[in-house]
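Enquirer: Please find one structure pasted underneath; my questions will follow.
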Amino acid sequence: MKPTVKRIALGTIFLVAIVLMSYLMVFAEDGGDDYKPAMYSTFWALVPPIVAIGLALITKEVYSSLFIGIVIGGLFYSNFSFEGTVNHVLQDGIVSVLSDSYNVGILVFLVVLGVIVALMNKTGASAAFGRWAEVKIKTRLGAQLATVALGVLIFVDDYFNCLTVGSVMRPITDKHKVSRAKFAYLIDATAAPVCIIAPISSWAAAVTGFVPGEDGFTVFLRAIPYNYYALLTIFTMIMLTVLKFDFGPMRKHEDNAIAGDLFTTPDRPYADAKDDEIKGNGTMIDLVLPVIILIILCALGMLYTGGFFSGENFVVAFSNSDASVGLSAGSVIALLLAILFYTVRKVLSFTDCMECIPEGFKAMVPPILILTFAWSLKAMTDSLGAAPYVAGIVEQSAGSLVNFLPGIIFIIAVLLAFATGTSWGTFGILIPIVVAVFENTDPQMMIISISACMAGAVCGDHCSPISDTTIMASAGAQCNHINHVNTQLPYAFTVAGVSFVSYIIAGFVKTIAIALPVAFLLMLGTLMVLRKMYGKEAE
């Protein structure tokens, strides 16, 4: 049996089994607002995302895998009632997440960025930027380091980071034969890991809101040096690039890219997009200026939602900002200005600009569909009580294992964020528990443990195929989503292993002066061993 046919058969059998279970099990009525399913706050609450992730990695098919996970969550919630499952999946899942104002704002932002990218391609600005880059960036090393540098500079928000870096740097990395999988990794590794150590970002704003009874911003600043996963991910990404080696599935993708195949697998998203460019009309300013305006307006949009123009100071405004409203408003205004700019310069006609709107929307349909399913799966997990279940595990661990607790919290945060696909949800579950355990007994351990929670959440989010940031990175790189996940996992797991050991050490020494240098030395040693094993890339 062919692999594709086998995967389809297995998926079909699995789905049929679920449907049969829905008829064989006892029907249950919904008990209203206070209703809790029999599996509430048990390990079964984590089964739907685990199944979805497992199926996605095995079958390489993300849409059906996510949907099966959602259906399983609905079955568990309704105690295997057919009617209850359908209602919960549709009303409390898909319809609910698409009715949420925050989610809609993110979708608007995503579509608008797709339209702006379509406009840039239509003008030929991307081609012009590529011609400029041919002169300034002459090597694969330069193309990758330029991608990293731009990713670090765009630290305001991870969504914005992924899509902007992708649209700007893709022509350059393609020119220098960097695989789409490696490009997606570079984008993803400079999205959340950079945002979680940047004091002025939507992520910092989220974390500060989860620290009850404390100065959230001060706690965030003190936790930065202990955020090993974020710091070591950036370090690892740079070292892999400079030392010119790769390992795991990424090695195959990079070797194929050097030979001329940027995709490796038959699925080649947007492979023919360059055919839509109007070469010769646009110049580099047609790409650079709209991007700069987009960055400025999105930052101003976030400041506006935080009350900056109503008297709040800069830091407080970012802490109180609403990323969804700020990014969507800023991007819409930037789109209108871009259309005006192109029509006034006669690079594009108004009709051409309007034609780019549906084209940009169509380009973003795959990530929108994945995001919708991922949000719906999270809704299923929330309704099954995953949060209180994990909270109970953490509270039980805060006994005789005090010095090991940062490492334990890191692992729990990784697993929770991986299963749910959300960093911010993990912050909201674990950080208040950590504060309650340590604020009156060991403030330094509280800082280390909060940082472990943030690092673990980012790690799990970084690895998870149902994470919105991972999905955005795939969209920004125009890379097959499962290819991105498979090639990124060995890198993420390597850094996670070193981070776990570093948190064990930090739990005992409790000082930055020792723990941070040791973490970097451990990471450097690990990379040197891997380089010895796998050697340099093919030239």
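The values are calculated or read from the model by the stated rules, or taken from the named source; none is laboratory data. Because the structure is a prediction, the values reported are computed rather than measured. Because the Cβ atoms are built from the backbone with ideal geometry, glycine has one as well, and the counts that use them run over all protein chains shown. With ligands, DNA and RNA removed, areas are computed over all heavy atoms of the protein, side chains included. Shrake-Rupley method; radii C 1.70, N 1.55, O 1.52, S 1.80 Å.
Enquirer: State which entries of Lys136/Lys177; Lys175/Lys244; Lys122/Lys175; Lys175/Lys252; Lys510/Lys532; Lys252/Lys532 exceed 26 angstrom in Cα-Cα distance in the structure shown.
Expert: On the way: Lys136/Lys177 16 Å; Lys175/Lys244 18 Å; Lys122/Lys175 19 Å; Lys175/Lys252 19 Å; Lys510/Lys532 33 Å; Lys252/Lys532 17 Å.
Going by Cα-Cα distance, Lys510/Lys532 fall outside the 26 Å limit.
Enquirer: Expressed in nm², what is the orientationally averaged projection area of the convex hull enclosing the Cα positions of the stretch 38-161? Walk me through the intermediate numbers first.
Expert: Values: hull surface 46.7 nm².
With the hull built on Cα positions only, its mean projection is 11.7 nm².
Enquirer: Sticking with this one: With the crude spin-label approximation of a point 7 Å out along Cα→Cβ, what separation in nm comes out for Asn313 versus Ile238?
Expert: Each label point is offset 7 Å from its Cα along the Cβ direction, giving 3.0 nm.
Enquirer: Taking only protein heavy atoms into account and a 1.4 Å probe, give the accessible area per residue of the stretch 434-488 in Å². Could the numbers behind the result be given before it?
Expert: Working: 840 Å² over 55 residues.
Per residue, the stretch 434-488 has 15 Å² of solvent-accessible surface.
Enquirer: Calculated FRET efficiency, Asn403 and Arg268, Cβ-Cβ r, R0 45 Å, to nearest 0.05? Before the final figure, lay out each step's value.
Expert: On the way: r = 50 Å, r/R0 = 1.11.
For Asn403 and Arg268, the calculated efficiency is 0.35.
Enquirer: Which value in nm describes the separation of the simple spin-label points at Ile285 and Leu337, placed 7 Å from the Cα toward the beta carbon?
Expert: In this crude spin-label approximation the distance works out to 1.6 nm.
Enquirer: Still on this model: Return the ratio Rg/(2.2 N^0.38 Å) for the stretch 418-492, where Rg is computed over Cα atoms only.
Expert: Details: Rg = 15.1 Å, N = 75, 2.2 N^0.38 = 11.3 Å.
Relative to the 2.2 N^0.38 Å estimate, the stretch 418-492 comes out at 1.33.
Enquirer: Still on this structure, please answer the following. If I stretch the segment between Leu221 and Ser101 completely, what's the gain in nm (0.36 nm per residue apart, minus their alpha carbon distance), one decimal? Show your work: numbers first, answer last.
Expert: Values: separation 120, 0.36 × 120 = 43.20 nm, distance 3.00 nm.
Between Leu221 and Ser101, full extension yields 40.2 nm more.
Enquirer: Can I ask one more? If you roll a 1.4 Å probe over the heavy atoms of the protein chains, what accessible area per residue do you get for the stretch 299-420, in Å²? Present the calculation step by step, with values, prior to reporting the outcome.
Expert: Values: 5270 Å² over 122 residues.
Heavy-atom SASA per residue in the stretch 299-420 reads 43 Å².
Enquirer: Still on this structure, I have one more. How many percent of the accessible area of the stretch 83-178 is carbon or sulfur, using a 1.4 Å probe? Intermediate values should be presented prior to the final figure.
Expert: Numbers: 2160 of 3430 Å².
Roughly 63 percent of what the probe reaches on the stretch 83-178 is carbon or sulfur.
Enquirer: For the stretch 396-539, evaluate the Debye formula with one uniform point scatterer on each Cα (no solvent term) and list log10 I(q)/I(0) at q = 0.09, 0.13, 0.19 Å⁻¹, rounded to two decimals.
Expert: -0.32, -0.64, -1.11
Enquirer: Computed FRET efficiency, Cβ-Cβ of Ile514 and Ala38, R0 30 Å: what is it to the nearest 0.05?
Expert: On the way: r = 49 Å, r/R0 = 1.62.
Calculated value: 0.05.
Enquirer: Still on this model: Run the 1.4 Å probe and let me know the accessible area of Arg268, rounded to the nearest 10 Å².
Expert: The value for Arg268 is about 100 Å².
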